Amino acid sequence: MLVRLFIAAALIAATVAIQAIFMSAGLSIFRRMEARHPDYLRRNATLVTVVWIIYLLVPVMLDVILWALFFTIFGVLPSFEDAAYFSTVTFTTVGYGDIVLGKEWRQVAVFEAVNGWIIFGWATALMMAVIQRLYFRSGDGDR
């Protein structure tokens with residue numbers, strides 16, 4: 001049990017690192033664009049918002065794949081396809097229940113759900129940070 005919880009903690013740490021790397025890179029690019037091309041951002045706020053949201057979904061997909069690889073490599077689920085589906089449903093906390101883990105792995109699935117909850121909250125905060133900069137800059141007023 002303790003080994004499985006340690007593995008879950010390591011997977012959470014890896015997904016947090018993935019999210020942090022993407023956040024750092026994305027915000028760095030956004031800040032450069034904001035400094036060099038503020039008019040472009042202002043004129044294309046909707047496009048920038050769409051690109052930013054899609055960009056933030058990339059690390060979420062990588063996180064799901066990481067969990068799915070874990071479930072496949074450790075033989076928890078019979079195929080990568082099943083593992084990817086299970087991880088998507090668990091990470092997003094949808095939890096259909098049509099694929100379930102054996103009793104010894106159930107707690108790990110709970111940690112994946114908590115991990116997804118944290119990552120989606122983080123991604124939502126990042127989405128809102130950029131949206132606020134695009135649409136509600138100080139001095140620009142509401143658009």
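None of the figures in this text is laboratory data; all of them are computed from the coordinates on show. Everything numeric here is computed off the predicted structure, so don't read it as measured data. Neighbour counts are summed over all protein chains in view; Cβ atoms, including those assigned to glycine, are modelled from backbone coordinates with ideal geometry.
Of note:
- Angle in degrees between helix 45-73 and the longest Cα principal axis of the chain, rounded to the nearest 10: 10
- The fewest-to-most ranking of GLU34, GLU112, GLU104 by surrounding Cβ atoms within 10 Å reads GLU104, GLU34, GLU112.
- Assigned charges on the beta-carbon of Lys, Arg, Asp, Glu; the range 2-135 dipole about Cα centre (debye): 580
- Degrees separating the helix 2-36 axis from the principal Cα axis of the chain, which is the longest one: 10
- Ranking of SER28, SER87 by neighbouring Cβ atoms within 10 Å, starting from the fewest: SER28, SER87.
- Cα gyration tensor, the range 2-135 - rounded (a/c under 1.5), prolate or oblate: prolate
- Degrees separating the helix 80-91 axis from the principal Cα axis of the chain, which is the longest one: 60
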